[in-house]
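None of the figures in this text is laboratory data; all of them are computed from the coordinates on show. Quantities reported herein were computed from a predicted structural model and do not represent experimental measurements. Neighbour counts are summed over all protein chains in view; Cβ atoms, including those assigned to glycine, are modelled from backbone coordinates with ideal geometry.
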Protein chains: 2
Amino acid sequence: MRRSYGQYCGLARALDVVGDRWNLLIVRQLLMGPARYRELQDGLPGVATNLLTDRLRDLETAGVIGRRLAEEGNAIAYALTPWGAELREPVEGLIRWSTPLMTRGPGGDHFRAEWLVLPLSALLTGKPAANRSWTVGIAVDGVLVQVRTTRSGTEVSPHDGRDLDAVIRADAAIVLGLAAGVLNLDDTRALVDIEGDESALRAVFNPPTRS
Amino acid sequence: MRRSYGQYCGLARALDVVGDRWNLLIVRQLLMGPARYRELQDGLPGVATNLLTDRLRDLETAGVIGRRLAEEGNAIAYALTPWGAELREPVEGLIRWSTPLMTRGPGGDHFRAEWLVLPLSALLTGKPAANRSWTVGIAVDGVLVQVRTTRSGTEVSPHDGRDLDAVIRADAAIVLGLAAGVLNLDDTRALVDIEGDESALRAVFNPPTRS
DNA sequence: CCGCATCCTCATGGATACTG
DNA sequence: CAGTATCCATGAGGATGCGG
C-alpha cells in the first residue's frame, strides 16, 4: 500500500484503499464479473505483472476483493466482496463526470468494447423509463452490448443471445454521446447504422417525454 | 500529470485527470469553497509545497479549477470550475463507501472538524425529510457544524450563527456512526452531550418513519 | 500455458531549504 | 505569502525467470 494520507477523513481513507494506481481499474474489471489473473492482465493494457500482483494482494487485504477457485479447473478467480461491489456508485459517478473527456473520441488510446458496459449503465440508468420494455443491441468494434429497458429500470450487459428489437452500429464516442444526451439520433443519422425498430433506440437514448 | 493509462474508458480518463495523489483531496478542500494557497496547505497536512503547486497547475490545465484574484488584497484564490464542482457526486460516493473505515475511529490520524461537512452532507442527504424544519449543531473538537433539515432536503455547513434547536457534542466517529445509521441516539447516550430539543436531533439522525 | 517472483532502470513523490 | 530548487527515497514499468 502506498503511504497513507494519515487523515481522519472519509475521502482520504477511501483513497488509502483504492487510490493507488490501477486499483480502481481493477475494480472496474471485476464489476463486470469475476476474472482470472490473465483476464485482468488482458483488460488492463500496460499494467506490469508485479504491480497487478501487488495490487490484488492489497485489495484482498483491505477486504475489497477475494480469491476463490475458478469454476473450471483449479485456477484462481478474483471477485469483489460485497463491500467492494459498493464501489459501483462512486465509479459510475466518475464515469459520468468524465463524459466531456470521452466525447472527444478515442485518439490513440486502447479500446475494448466491454468497457462500454459500465459507462452505458452509468449514463442510461435513471433516465425516465419507457412505457414498454425494449431490448436493443449496441455494436461497437464488432462487439455487441445489450441494453434492456423496462418500466423498473435499465440494465446493460454483454449480449446474451436474446432477441433484439433493434441494433445500432456506431463509433464508441457516438454511442457515449447519445447515451449522455449530448447527441441525438437525428443529428447523427449519417454516422450510425441502424437495423430493426428505430423507435426502440429512441426509447433507450431519447427519453420519450422530454417537454 | 502522471503517465496516462492510455485507455478510451471513462474511468481511466477521469483518473488521468484526478487520479494523481492529492488531487481529489485538493478538490475536497475546494468543495467547501474557494481557498488560497496557504489555506490549502493547512487543510492538507503532509503535502509538499512543490507537489501542491504541481497539482494546482495540473488541475488548472485540465479545467477542474481556476485561479482568480482573492476578495482581499491582490492574492490568488483557487476555486472549482463548474465541471470541477461536479466531482461532488463521485467524491460523496467515495465518502459513503468509506464509512466502515471511519467508524473504527481516528487512530493517530490528523483531524479537522471542517472535514465533517462533506461526509455529513453525503450521509444525511437523501434521508427522509422531517415533517418540519430543524436546525441542529454538531460540536466536535470545539468546532460547530450546522445541519438544517427542511421538507425539501438537508444541508450541512459550518455554523453561521443562527439559532439552533439543539446541539450534540461527541467524537467524530460517533457523529459519523449516527449519520450513517449504524449507531442511534439511544445506544450512544453515555457518549454524547446533548443540549436543547432532543427531538430535533432524532429528526436529523433517526428518520421519523422507519417502519 | 498460467500465476506469479525477481531484477533493473528511471520517473515520481516527499522533505527541506531557499527566494521574489 | 506563494511558490522554486534541490536532493534523496520510493514506486512504476519493462524484461525475464520459474515452478506447477
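B:R21 fulfils the conditions (1) assigned to a helix (DSSP H, G or I); (2) under 21 Å from the mean Cα position of the chain (by Cα); (3) over 19 Å from B:E114 (Cβ atoms) except for a single criterion, (1).
Taking the listed residues A:A85, A:A35, A:A113, the one that is more than 16 Å from DNA strand D (Cβ to nearest atom), among the small types (G, A, S), more than 12 Å from every other protein chain (Cβ to nearest Cβ) and touching a residue at least 40 places away in the same chain (Cβ under 8 Å) is A:A35, with no other qualifying.
Residue-wise test of (1) in contact with a strand residue (DSSP E or B) (Cβ under 6 Å, 6 or more places away or on another chain); (2) surrounded by 14 or more Cβ atoms within 10 Å (Cβ to Cβ); (3) over 24 Å from A:A14 (Cα atoms).
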{"site": "A:R55", "(1), (2), (3)": "no, yes, no"}
{"site": "A:A62", "(1), (2), (3)": "no, yes, no"}
{"site": "A:Y78", "(1), (2), (3)": "yes, yes, no"}
{"site": "A:P82", "(1), (2), (3)": "no, no, no"}
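Can you find a residue that is surrounded by fewer than 18 Cβ atoms within 10 Å (Cβ to Cβ), assigned to a helix (DSSP H, G or I) and among the aliphatic types (A, V, I, L, M) anywhere in segment A:187-205? Yes, some residue in segment A:187-205 is surrounded by fewer than 18 Cβ atoms within 10 Å (Cβ to Cβ), assigned to a helix (DSSP H, G or I) and among the aliphatic types (A, V, I, L, M). Taken over segment A:28-38, residues that are surrounded by 15 or more Cβ atoms within 10 Å (Cβ to Cβ), within 12 Å of DNA strand C (Cβ to nearest atom) and either under 21 Å from B:G6 (Cα atoms) or among the hydrophobic types (A, V, I, L, M, F, W, C) (or both) amount to 2. Over 27 Å from B:A35 (Cα atoms) and part of a loop (DSSP other than H, G, I, E, B) - does that describe any residue in segment B:149-162? Yes - at least one qualifying residue is present in segment B:149-162.
The residue of segment B:39-82 that is nearest to A:Y5 (Cα to Cα), among those that are within 11 Å of DNA strand D (Cβ to nearest atom) and polar (S, T, N, Q), is B:Q41.
One residue stands out among those in segment B:42-62 that are within 10 Å of DNA strand C (Cβ to nearest atom) and assigned to a helix (DSSP H, G or I): the one that is nearest to B:E114 (Cα to Cα), which is B:L52. Might you let me know whether segment A:46-61 holds any residue that is within 8 Å of chain B (Cβ to nearest Cβ) and more than 23 Å from B:S98 (Cα to Cα)? Checking segment A:46-61: at least one residue is within 8 Å of chain B (Cβ to nearest Cβ) and more than 23 Å from B:S98 (Cα to Cα).
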